[in-house]
Amino acid sequence: MRFEEKDTIAALATAPGEGGIAIVRVSGPEAENALKALFVPRRDFESHRFYYGHIVDQGETLDECMAVLMRAPQSYTREDVAEIHLHGGEWAARSVLQSLYRLGIRAAEPGEFTRRAFLNGRIDLSRAEAVMNLIAADSSRAARAAVRQLDGGVSAFIRDAQARMITLLSGAAAALDYPEEITFEEAAGDLESGALRLAEQLEKACDERGARIAEHGIEAVLCGRPNVGKSSLLNAFARQERAIVTDIPGTTRDIIRADVLIDGLRVHFSDTAGLRDSADAIEQIGVERARRAIAGADAVLTVLNAREELTEEDRALLKETENAPRIIVLNQWDQPTVLRPGDFPGAVTVSAVTGEGLAELEKRVAAFGAGAGESALTQQRHMALAREAAASLRSAAAVCRAGEDVSLAVIDLQSALAALGRITGEQVDEKLMDDIFSRFCVGK
């Protein structure tokens, strides 16, 4: 979608519905004139100063408000921006927007304010994406990753990598232009080693698992034979009754989930069907789903009933999960027990009834997300392009190793440089911008 950059746009910048405040944002060359037309008392606005007054249109007072004008380039979009702070609610905000539209202001498209900030050079594309990630963050870990990106962490990393690529390109160009001064062997050796070091750095910066955990959380699966207390543990984690708890084996037949925040990280606990052989077709489906959940989990909580000796089903489960990211949980520790923690290295003793050991178990689960979101690159788009750049760098190194023409390596280096440019938006097409900014909410 193409936009007229000289248009003046407006949208509700706060969430729709009832609330304490509603903010209408206007950006573009007519922002100041529109504010002066509707704001009473009329005045010459000083930039970045709040004023008290009313919004009046066609003789009707629409709301009591505060208003501020932020003149370019000191604004979010680097255009003139006006914000009108109204009482929260549907009517006032909708009425003010309709008044602005009558003045010739256009309704903003999703993400158009941030798109203008990018096009006007206030932020690069990676920082624009960070705005969206910060808005969508549902845990402090995800928010911290977005803030690092918003503060330019990705930009600084990419700029450093680009500078090193340009140095490599300069060395190759010098060898091509002045072969009598720089031998092919010297140029190829420097280019090969430099390209490989940079490729390794880019690949190391891509932590797919950590990025996924920071954004979406840890998948923690409770597994065990029937009636070892998995559902009671799920309820204890959730601090509410999420799963049905009875003495009847096989009560849980499907996966029941509860989301919990632990140390700023979202953890998705899943209570699964008890793992056992069963003639019940429905229970068999539940057991199969449980096994699939275990296979895809970041943390597997293998639950044993500490009051009973190990059964064949317990032993089979311990064998099945021994190579998984596992925590052995000895449950029902508030009762007389027969299992000993020393027989299960790293086991955690808990009581779902009293809560004993629950904090330690939560701490152990959160440890599976250690370092999540702290890598240099945390967005799938960025990691894909970094890996593309690394592949081109390795291709350039291979050209040098094989003794081929250095000019062929230059082509690979230029491809790597272009891939990194697409991360920050130095090389970007309209389709990519449409795809990124269409995911924003209107008003941002």
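Counting only residues at least eight positions apart within a chain, or on another chain, the lysines with an alpha carbon under 20 Å from that of K319 are K230.
Add +1 for every Lys or Arg and -1 for every Asp or Glu among the other residues with Cβ under 13 Å from the Cβ of T321, and state the total. Once positives and negatives cancel, what remains is +1. Over the chain, DSSP H runs of length four or greater, each weighted -39,500 (n - 2.57), average out per residue to a 222 nm ellipticity of -14000 deg cm²/dmol. If you bin all the Cα-Cα distances of the chain at 10 Å, starting from zero, the percentages per bin are 4, 16, 17, 16, 17, 16, 10, 3, 0. Put a dot 7 Å past the Cα of T61, heading toward its Cβ, do the same for A136, and the two dots end up 4.4 nm apart.
Within 10 Å of each residue's Cβ, count the other Cβ atoms and sort D63, D44 from fewest upward.
Ordered by Cβ neighbours within 10 Å, fewest first: D44, D63.
Quote to one decimal, in nm, the extra length available between D151 and R94 on full extension: 0.36 nm per residue of separation minus the C-alpha distance between them.
Details: separation 57, 0.36 × 57 = 20.52 nm, distance 3.38 nm.
Result for the pair: 17.1 nm of gain on full extension.
Near the amide H of Q427, within less than 5 Å, lie the amide hydrogens of R422, all on another chain or at least 5 residues away, with H placed in the peptide plane. Once the Cβ-Cβ distance of R439 and K36 is raised to the sixth power relative to R0 = 30 Å, the FRET efficiency obtained is 0.30.
Here the simple spin-label model places points 7 Å from the Cα toward Cβ, and for A418 and I21 these points are separated by 4.7 nm.
Mind checking which lysines have their C-alpha under 30 Å from K204, skipping anything on the same chain fewer than 8 residues away? Qualifying lysines at Cα under 30 Å: K363, K431.
Using the Cβ-Cβ distance between R257 and L176 with R0 set to 60 Å, the FRET efficiency works out to roughly 0.50. Taking the number of Cβ atoms within 10 Å of each Cβ as an exposure proxy, the fewest-first ranking of C206, C441 is C441, C206. Within a straight-line Cα-Cα reach of under 25 Å, K36 can be paired with the following lysines, leaving aside sequence neighbours fewer than 8 residues apart in one chain: K6, K444. Estimated from the Cβ-Cβ distance and a Förster radius of 45 angstrom, the FRET efficiency linking N323 and R71 is about 0.15. Note on L38, L103: ascending count of other Cβ atoms within 10 Å places them as L103, L38, the fewest first. Separation between the E360 and E186 pseudo-spin-labels, each 7 Å from Cα along Cα→Cβ, expressed in nm? Placing both labels 7 Å along Cα→Cβ, they lie 6.5 nm apart. Think of the chain as a dipole: +1 on every Lys or Arg Cβ, -1 on every Asp or Glu Cβ, centred on the Cα centre; then among S351, G17, L196, G17 lies furthest on the positive end.
Just so you know, all these numbers are worked out from the coordinates, no wet-lab data involved. It should be emphasised that the depicted structure is a prediction, and the values quoted were computed from it without experimental measurement. Here Cβ is always computed from backbone atoms with ideal geometry, including for glycine, and neighbour counts include all displayed protein chains.
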